[in-house]
1. So Gly111 fits all but one of (1) at pLDDT 95 or above; (2) surrounded by fewer than 17 Cβ atoms within 10 Å (Cβ to Cβ); (3) outside any helix (DSSP H, G or I); (4) not charged (D, E, K, R); what number is the exception?
2. Somewhere in segment 148-155, is a residue touching a helix residue (DSSP H, G or I) at 6+ places or on another chain (Cβ under 9 Å), surrounded by fewer than 22 Cβ atoms within 10 Å (Cβ to Cβ), touching a residue at least 24 places away in the same chain (Cβ under 8 Å) and aromatic (Phe, Trp, Tyr)?
3. In segment 175-189, what residues are more than 23 Å from Gln336 (Cα to Cα), in a loop (DSSP other than H, G, I, E, B) and open to solvent by 10 Å² or more (accessible area, probe 1.4 Å)?
4. Could you check, for segment 269-287, whether at least one of its residues is open to solvent by 10 Å² or more (accessible area, probe 1.4 Å) and over 28 Å from the mean Cα position of the chain (by Cα)?
5. Ile332 is checked against (1) under 22 Å from Asp186 (Cα atoms); (2) of a type outside the set (Ser, Thr, Tyr); (3) open to solvent by less than 60 Å² (accessible area, probe 1.4 Å); (4) at pLDDT 95 or above and fails just one. What number does that condition carry?
6. How many residues, within segment 156-174, are touching a Gly at 6+ places or on another chain (Cβ under 6 Å) and open to solvent by less than 10 Å² (accessible area, probe 1.4 Å)?
Amino acid sequence: MKLKYQIIIDDIKSKILSGDYRVGEQIPTETTLQEKYKVSRHTVRKAILELSNEGFLRSEKGSGTYVSNQYQSKTSGKSNNKTIGVITTYISDYIFPSIIRGIEGRLNADGYSLLLASTNNDVEQEKKALEMMLAFGVDGLIVEPTKSNLYNPNIAYYLSFKEQDVPFIMVNAYYEELEVPFFCLDDVESSYLATNELISKGHTKIGLIAKMDDLQGKFRMKGYIKALGEAKLRFQAEHVFSFTTETKLDLNVNLQGFLIENIEEMTAIVCYNDEVALEVVNVCRQLDIPIPDKLSIIGQDNSYIAKNANIKLTTLTHPQEKMGHDAADWIIKKLQGKKDLLNENYYQPELIEGETIREAEGRFETTEKVHFFRN
């Protein structure tokens, strides 16, 4: 549990870093802070002294306490070396090691340092990461957004970077509320190609597993719907399984229920990504559903887990390392004063054939129900 003075310190820091308290602005009086935080004058003064020592505040005798920006020079310890902040949702999972490797390789080539943070796709952790980057005084920022399909309460922090002329770029997704440069896979096209690949194999009853708190999930659903529409196939809501970062913890159990309920109708599934596709493979094995004889599955992203799986997953490409390299290159060129930089870039996916899709012919030759039992 935090001490009372530390709570005051953290709150005032957040207000300074988010721009609620601006440089040169006077903060509330000690009496006002006492009343707000329900603490003694001694506790308030201890917090102010600590913040002054860190360079966030400066006191003028007989006048008051004001916001300072000296914290940047105190915390960064920089010489001529520039530091680029990188915030990703995850560091060691899925495609993120490859993205970070691409960023790091490009930054190292020009002698830039990297300051890394992750959010675990949690907005409160994103807030802490942004505060750290602002307090450190990074020269540029590369961000993989957190829960990008939902309203983000940390928008003020990004606006603070803009006000301080610190360039930042987003990868994999972006916040639609902000006008921000981004490098992304064309997620609509990825899911469109995935769905069309199944349609080309004769599948007409195609399900979708979508993650709906990230922008990628929204766009990948859009591609799925687009492909169905062009093929004059009916969109069936009962064949769509959606999940979020929080409900992903129960994905295995929930997928079992979804497949048991729909397996006699669906012959194929477009998965949100490779990780989900391999979880579907795992559930099918638990339920004795043969892949691809009974159910065809396609993933997306061509991740390292797909490459190392014990089944050759049909999937689509994701630029990963190139995306990281290009984002870092954009930041470097921006800091060098280059003009006319590309502010939006969509990488085009390509199909990678595997062994998890087969032709749909003969799927409906029998109406006999098949019963599946859990191991």
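1. Answer for Gly111: the failing condition is (1).
2. No, that holds for no residue.
3. Glu176, Glu177, Leu178, Asp186, listed by residue number.
4. yes
5. Condition not satisfied by Ile332: (1).
6. 1
Here's the yes/no breakdown for (1) touching a residue at least 24 places away in the same chain (Cβ under 8 Å); (2) surrounded by 15 or more Cβ atoms within 10 Å (Cβ to Cβ); (3) in contact with a Lys or Arg (Cβ under 6 Å, 6 or more places away or on another chain):
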position	(1), (2), (3)
Met1	no, no, no
Leu17	yes, yes, no
Asp20	yes, no, no
Gln26	yes, no, no
Thr43	yes, yes, yes
Leu49	no, no, no
Glu54	no, yes, no
Gly62	no, no, no
Ile95	yes, yes, no
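The values are calculated or read from the model by the stated rules, or taken from the named source; none is laboratory data. Owing to the predicted nature of the structure, the values given are computational and were not obtained by experimental measurement. Neighbour counts are summed over all protein chains in view; Cβ atoms, including those assigned to glycine, are modelled from backbone coordinates with ideal geometry. Accessible surface is based on the protein model in full, side chains and every heavy atom, while ligands, DNA and RNA are left aside. Shrake-Rupley method; radii C 1.70, N 1.55, O 1.52, S 1.80 Å.
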